[in-house]
């Protein structure tokens, strides 16, 4: 089963045209140029259906393995360090290799960092990202299938992380930043 899921994930990465911008085990992210499937609103940025978006994805094979006891502060810090360390190389790749014309935002979605129970600044916000709960454009139906796929991906890459959790325990967070803000903050000067 695990081999089937891993093979399917590799196929998804290839078919989506994901960009490996840095061959380094410490790089936690990959890029994808997407076409907005519908009108979207990200803060002050409005994206119309058909416009380009730069999406980043967690590189599953590069996630630190979860300890048997589950996520702990050491694992969280290691994951945060890899994520934060991937932002500058990603911005430099975008500056050198992607025409930013018409691209307004860089965004991602993750189950690694659900929204906090208590309001306050999250680690991703300290990196300049806006954070909100993610909901599939297909509503509950879409959420179910995205969570189903994500649950089995998590199981395949990091089996300890689903121990004691069900598919319905997964929540996803969407993070984004205006592209120009991202390039100003993390790109080459």
Scanning for something touching a helix residue (DSSP H, G or I) at 6+ places or on another chain (Cβ under 8 Å) and modelled with pLDDT under 90, does the stretch 84-96 turn up at least one residue? no
Looking only at the stretch 40-71, count how many residues are within 22 Å of residue 88 (Cα to Cα) and in a loop (DSSP other than H, G, I, E, B). 3
Meets criteria (in contact with a helix residue (DSSP H, G or I) (Cβ under 7 Å, 6 or more places away or on another chain), modelled with pLDDT under 85, at negative phi and in a loop (DSSP other than H, G, I, E, B)) for residue 37: no
Scope the stretch 80-99; condition surrounded by 15 or more Cβ atoms within 10 Å (Cβ to Cβ) and either farther than 18 Å from residue 175 by Cβ or touching a strand residue (DSSP E or B) at 6+ places or on another chain (Cβ under 9 Å) (or both); matching residues: 82, 83, 86, 87, 89, 90, 91, 92, 93, 94, 98
Quick one: residue 17 ticks every box in (1) modelled with pLDDT of 90 or more; (2) in contact with a strand residue (DSSP E or B) (Cβ under 7 Å, 6 or more places away or on another chain) except a single one, so which number is it? (1)
What number of residues within the stretch 22-44 satisfy the criterion of being crowded, with 18+ Cβ neighbours inside 10 Å and within 15 Å of residue 103 (Cβ to Cβ)? 3
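Return the residue satisfying two criteria in turn: it lies in the stretch 72-102 and is part of a loop (DSSP other than H, G, I, E, B) and free of Cβ contacts under 8 Å to residues at least 60 places away in the same chain, and of such residues it is farthest from residue 19 (Cα to Cα).
Only one residue tops the list, namely 72.
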Among residues belonging to the stretch 100-140 that are in contact with a strand residue (DSSP E or B) (Cβ under 8 Å, 6 or more places away or on another chain) and on the phi > 0 side of the Ramachandran plot, point out the one that is modelled with the lowest pLDDT. 102
Under 13 Å from residue 107 (Cβ atoms) and surrounded by fewer than 18 Cβ atoms within 10 Å (Cβ to Cβ): does that describe residue 49? no
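The values are calculated or read from the model by the stated rules, or taken from the named source; none is laboratory data. Since the structure is predicted, the reported quantities are computational estimates derived from the model, not experimental observations. Don't worry about glycine lacking a Cβ; one is built from the backbone with ideal geometry, like all the others, and counts go over all protein chains shown.
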